[in-house]
Amino acid sequence: MGHSAAVWDYRAATEITKDWNGIDKIVLRNPRGASARVSLSGGQVTSWRNEQGEELLFTSNKVSSKPPKAVRGGIPICFPQFFIWMLAKFRNCGSLEQHGFARNKIWTIDGNPPPLSPNDSQGKSFVDLLLKPSEDLKCWPHSFEFRLRVSLAADGNLTLISRIRNVNGKPFSFSFAYHTYLSVSDISEVRIEGLETLDYLDNLCQKERFTEQGDAITFESEVDRVYLSAPNVVAVLDHERKRTYVVRKEGLPDVAVWNPWEKKSKSMVDLRDSEYKQMLCVNGAAIEKPVTLKPGEEWTGRLEVSVVASTLSSEHFDLQRM
Ligand code: BG6
């Protein structure tokens, strides 16, 4: 692109345009030509491309929903709940939709975000978004501010930092997930490392608790699980593309893993029948133990995704090195 990192103006590398529905989206670029797109609809990252212009996140070609309903793909934000039942005991009113309302709301650009550590700004193009309570949130009447920073680093890494604050309201609890749809060559060729031996809740068996027995997680049918107290680095190896996604998380104890496989895909209005083969959700999350914030308290959940070239397909990924 003819820019050296030394003269790259990261602020100027952030562009605001409108999507086909007239909703603002922010395009982040780095000096090497990588990019990310973030929509004010849901605060959702809808695209993340490497310097070769290859898309790294899955997004369905079948668009059935109109914003502010989340599109199938990218990184929808699940807040203030993941599973419907998880927060039931903390609430005493109304119904809250599956995966919460944040992904279905229109966010604003946060013109005056409180400072983050210099590490979370330097050498990055980023945008700060804000979600505040709206009139229609009667089923979750809490006084919160949700700040989301999405940033793209010089090396192409994508980072999302969520800061949720109780603005002097009554204490409240929530669960949370970055519902990350990774783009994969073929789900049958993919494995996840870092979750072996962990306990998980199986959403296909009434959230019963099991212990993972496999050496790595591979896919040959529908998977819908929440791995509990997972390590902070998990790797997703795509043999065919010789690409490994490294997912690093902080403040997010759990990892939800989902692929709908064939039968469920056919029942989904916003996923083509065979698209399940090209996607895998690996979600940094706080699900099993909801987070509780007292008045004035703030919680931070951070996710960083990077891509490294894999060498031998039979090799295990060296998670200790990361
Ligand atoms: C997963 C859930 O995280 O998201 C699944 O565990 C669910 O049960 C999937 O089907 C998709 O959810 P939604 O609400 O985006 O269709």
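All of the numbers you see were taken from the coordinates with simple rules; none came from a lab. Just so it is clear, the structure is predicted and the values come from calculations on it, not from any experiment. All Cβ positions, glycine included, derive from the backbone under ideal geometry; neighbour counts span all protein chains shown.
Our coupling estimate for segment 292-298, obtained by passing each phi through the Karplus curve with A = 6.51, B = -1.76, C = 1.60 and θ = phi - 60°, is 10, 10, 7, x, x, 7, 10 Hz, Gly and Pro reported as x. Put simply, the amide H of Ser125, placed in the peptide plane, has neighbours under 5 Å in Leu152, leaving out anything fewer than 5 places away on its chain.
Farthest toward the positive end of the dipole of the chain, out of Ser41, Gly111, Ile26, is the Cα of Gly111, where the dipole comes from beta carbon charges about the Cα centre. Does the chain come out rounded, prolate or oblate by the C-alpha gyration tensor, with a ≥ b ≥ c the root eigenvalues, rounded set by a/c under 1.5 and, if not, prolate when a/b is larger than b/c and oblate if not? The shape class here is rounded. The smallest convex shape that holds all Cα atoms of segment 176-322, its convex hull, gives 126 Å³ per residue. Counting only Cβ charges, +1 for Lys and Arg and -1 for Asp and Glu, the dipole size of segment 4-309 around its Cα centre is about 920 debye. Near Leu198, the amide H atoms lying under 5 Å from its own belong to Glu212; only residues 5 or more places off or on other chains count, and H is placed 1.01 Å from N. Backbone phi angles across segment 242-259, fed through the Karplus curve with coefficients 6.51, -1.76 and 1.60 (θ = phi - 60°), yield HN-Hα couplings of 6, 9, 10, 8, 10, 9, 10, 9, 9, x, 10, x, 9, 10, 8, 10, 9, 9 Hz in residue order; Gly and Pro are listed as x. Placing +1 on each Lys and Arg Cβ and -1 on each Asp and Glu Cβ, with no other charges, gives segment 119-266 a dipole about its Cα centre of roughly 700 debye.
Cα extents for segment 89-159 along the principal axes, largest to smallest and rounded to whole angstrom: 45, 24, 22. Pairs exceeding 21 Å between alpha-carbon atoms, taken from Lys66/Lys289; Lys66/Lys277; Lys62/Lys264; Lys62/Lys266; Lys25/Lys132: Lys66/Lys289; Lys66/Lys277. Note on Gln206 and Glu15: the model spin-label points, each 7 Å out from Cα along the C-beta direction, lie 5.4 nm apart. Farthest toward the dipole's positive end in the chain, which of Pro253, His142, Ser310, given Cβ charges of +1 (Lys, Arg) and -1 (Asp, Glu) about the Cα centre? Of the options given, the answer is His142.
Once C-alpha pairs closer than 8 Å and six or more residues apart are averaged by separation and normalised to the residue number of the chain, the relative contact order reads 17 percent. Decide, for segment 43-82, between rounded, prolate and oblate: order the square roots of the alpha carbon gyration tensor eigenvalues as a ≥ b ≥ c, take rounded if a/c falls under 1.5, and otherwise choose prolate if a/b is larger than b/c, else oblate. Oblate. A simple rule links phi to the HN-Hα coupling: the Karplus curve 6.51 cos²θ - 1.76 cosθ + 1.60 with θ = phi - 60°, which for segment 266-280 gives 5, 8, 9, 6, 10, 9, 6, 3, 9, 5, 4, 5, 9, 9, 8 Hz, with x for Gly and Pro.
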